[in-house]
Amino acid sequence: MSHWLVLPLLIPFAAGVGLLLAGRMPLAGQRWVGTIATAASLLVAIRLFGLAAEGQIGVYLIGDWPAPFGIVLVLDRLAALMLLTTALLAAGALAYAVSGTDRAGRAFHALFQFQLLGLNGAFLTGDLFNLFVFFEILLIASYSLLLHGGGPARTRSALHYVVLNLVGSSLFLIGVGLIYSATGTLNIADLAQALAGLDPEAQPIAAAGGMLLVVVFGLKAAVLPLHFWLPHAYSSATAPVAALFAIMTKVGIYAMVRVFGLMFGHGEGMLAELFAPWLLGAAILTLAGGTFGAVASSDLREMVAYLVIVSVGTLLAGLALGTTEALSGTLYYLVHSTLVGGAMFLVADLIGRGRSQGPAIVVGGRPPGAGLLAVLFLIGGVAAVGMPPLSGLVGKVMILLAAQGSEWVAWIWAAILISSLFLLIGLSRAGVTLLWCGDVNPGDAPATAALIAPAALLLAMSPLMVAFGGWLTAYTEATAAQITDGRGYVEAVLGQPPASPLRPTSVP
Amino acid sequence: MAALLALVIGLLVGCGVYLLLRARTFSVILGIVLISYATNLFLFAAGRLATNQAPLVGEGPPYADPLPQALVLTAIVIGFAMTAFVAVLALRARGEFGSDRVDGKPREDGP
């Protein structure tokens, strides 16, 4: 495998370090560096997506030490899909930020690149402990990004977010320690083999470690009842940061797919069936809680934050079903909900900017240029609720169809469909109140094209995902098959020879 | 030795959770520090406890597992950075809220 695989880490790292070192660089220069690095990451992600779509699993041995002794980067279809989604979302968020919100605090562009470094690393790494390290990188960048702009509301939500995630990190380490003490390895491919053939005495220890990881990933993904930090954090962050954070909950879902689909999914005995009932219960609770929160919100940004929780519930339902079809629908819905969720945060900010009441859902002034904003809000709402003809419908239908064989089918159908109905009511009410009632304040200027374009481009991904739906679902089906099978991943990682023949391949 | 270590880890976690639930920023930071100490000890014990064994591969079969030691070092570094960050954040919160309560509300009782 060529050195392409390490570029999604090197580009944001180099750009972030450069921006920090040149701390006094004028903002225009910082914007150029950030934009070029993000565009380069997007190009690399497209290239890697093309490589992964051929069905090959790329393995990059860092320091040329063979797995499981050295650290590996692994590019399978899932990692490539997540990299591309992140790069698209980051491009949209950065394009919005350079129109002014990056002026609100220092070092925005450096932190943005470090956030991308953490995200890309978490998707590429083939090692459980490195997953922890990259989680910490993306978390510490997100702590600072959340505080971007300052103010007591942001400080309060950041304090809660930081403390919760620090406790989560401790639980992650304990889980990793338990799994290591049961299996003696931390390489994900090696763990998949070790856990499948684990002797029954060590299984409860590995199961306890796995359950701790469920809690940690659930905290990252804002699964009920670990979701309390999310609405405050996301609704108090500046719009481009909130948009980028739309991928953060998905990192938790991604880690669950990786760890439970690949690592724990292949054994016999108690480990294989350990997580599904917990995940299903949590999924239905999350759907219900997120829906109630969205309908009850009195602030559009908070409502969009609850939409993120609802999408996590939907994803978790698909994940818990565990079949290849369900996983395929989950991945499709993951891409959709990330891009649309990010776009909705931008739209909510655009609406809030033009009103004296801000994004509060009360009858007041209409924002100037409400006609165009209404179209954007309608597209985002239709996509988020899952109505035809946009991509939310496709994703939800894929998950609903996959649920048919399960004994939980009634619960899943009821939860997803009733939640969609309530979201439809809530979003319609918000849209009517914000965009149809009241008069435009004569002094307000409509939002500039530079602000509207990023939101519109992210929203345009939704119809594109329908137009190229056949091609994309073929990709997600192949991805799901690759994860469920798992043998290709294990063989590719453990079979990758070092580039230099001098490296030892066994412990003396 | 294993029982003693388990007791110490349990005690640290217990104190940490108690302090964390006090919901005052200073206690919360101390609680997080205690929990991260306990985590590091736990991670160290994941490689099995051993005495009088070579720390490195290559000096014969009975050697201590080197991997958890490397993991603990990484975890200590990360935990240190995070503690520094949360301490600065707590100071800023103290300045902005005028109280040390984590929910940002003023204290009803006296100092």
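Details
- Residues within the stretch A:202-237 that are over 18 Å from A:Leu139 (Cβ atoms) and in contact with a His (Cβ under 6 Å, 6 or more places away or on another chain), tallied: 0
- Only one of A:Leu78, A:Leu21 that is crowded, with 16+ Cβ neighbours inside 10 Å and out of contact with any His (no Cβ under 7 Å at 6 or more places or on another chain): A:Leu78
- Residue pairs meeting the criteria (Cβ under 6 Å; at least 6 apart or on separate chains; first in a helix (DSSP H, G or I), in the stretch A:34-56; second hydroxyl-bearing (Ser, Thr, Tyr)): none
- Qualifying residue in the stretch A:191-208 (condition: at pLDDT 90 or above and not in a helix (DSSP H, G or I)): no
- Conditions (1) more than 11 Å from chain A (Cβ to nearest Cβ); (2) outside any helix (DSSP H, G or I): number failed by B:Arg48: (1)
- Taking the stretch A:136-152 as the range and being at the interface with chain B (Cβ under 10 Å from one of its Cβ atoms), assigned to a helix (DSSP H, G or I) and not aliphatic (A, V, I, L, M) as the test, the residues that pass are A:Glu136, A:Tyr143, A:Ser144, A:Pro152.
- Hits in the stretch A:169-182 (condition: surrounded by fewer than 21 Cβ atoms within 10 Å (Cβ to Cβ) and either in a loop (DSSP other than H, G, I, E, B) or more than 7 Å from every other protein chain (Cβ to nearest Cβ) (or both)): A:Leu171
- Breaking point among (1) among the aliphatic types (A, V, I, L, M); (2) under 30 Å from A:Pro68 (Cα atoms); (3) within 10 Å of chain A (Cβ to nearest Cβ), for B:Ala2: (3)
- Of the residues A:Ser142, A:Ser99, the single one that is closer than 23 Å to A:Thr338 by Cα, of a type outside the set (D, E, K, R) and surrounded by fewer than 24 Cβ atoms within 10 Å (Cβ to Cβ) is A:Ser99.
- Any hit, the stretch B:36-48, residues being within 30 Å of A:Asp127 (Cβ to Cβ), modelled with pLDDT under 85 and touching a helix residue (DSSP H, G or I) at 6+ places or on another chain (Cβ under 6 Å): yes
- Any chance A:Ala233 is within 20 Å of A:Asn165 (Cβ to Cβ), part of a helix (DSSP H, G or I) and within 14 Å of chain B (Cβ to nearest Cβ): yes
- A single member of A:Gly168, A:Gly184, A:Gly197, A:Gly151 is closer than 19 Å to A:Gly252 by Cα and of a type in the set (Gly, Ala, Ser), and it is A:Gly168.
- A:Leu373 being in contact (Cβ under 8 Å) with a residue 24 or more places away in the chain and buried (at least 20 other Cβ atoms within 10 Å of the Cβ): yes
- Only one entry in A:Ile351, A:Ile361, A:Ile379 is of a type in the set (A, V, I, L, M, F, W, C), closer than 24 Å to A:Ser99 by Cβ and modelled with pLDDT under 90, namely A:Ile351.
- For the stretch A:418-431, the criterion of being closer than 20 Å to A:Leu321 by Cβ, modelled with pLDDT of 90 or more and not hydroxyl-bearing (Ser, Thr, Tyr) is satisfied by at least one residue.
- Boolean, B:Leu43 is touching a residue at least 12 places away in the same chain (Cβ under 8 Å), surrounded by 13 or more Cβ atoms within 10 Å (Cβ to Cβ) and within 12 Å of chain A (Cβ to nearest Cβ): yes
- Residue in the stretch A:402-423 that is farthest from the chain's Cα centre (by Cα), counting only those that are in contact (Cβ under 8 Å) with a residue 40 or more places away in the chain and closer than 15 Å to A:Ala384 by Cβ: A:Phe422
- Top-ranked residue of the stretch A:32-75 - restricted to ones that are among the polar types (S, T, N, Q) and over 21 Å from A:Ala499 (Cβ atoms), ranked as surrounded by the fewest Cβ atoms within 10 Å (Cβ to Cβ): A:Thr35
- Residue count for the stretch A:489-504, restricted to those that are surrounded by 17 or more Cβ atoms within 10 Å (Cβ to Cβ) and in a helix (DSSP H, G or I): 5.
- Qualifying residue in the stretch A:145-160 (condition: surrounded by fewer than 23 Cβ atoms within 10 Å (Cβ to Cβ) and over 24 Å from A:Ser235 (Cα atoms)): no
- Selected residue [touching a residue at least 40 places away in the same chain (Cβ under 8 Å) and within 19 Å of A:Leu159 (Cβ to Cβ)] from B:Gly79, B:Gly104, B:Gly95: B:Gly79
The values are calculated or read from the model by the stated rules, or taken from the named source; none is laboratory data. Bear in mind the structure is a predicted one, so any value in this text is a computation, not a measurement. Here Cβ is always computed from backbone atoms with ideal geometry, including for glycine, and neighbour counts include all displayed protein chains.
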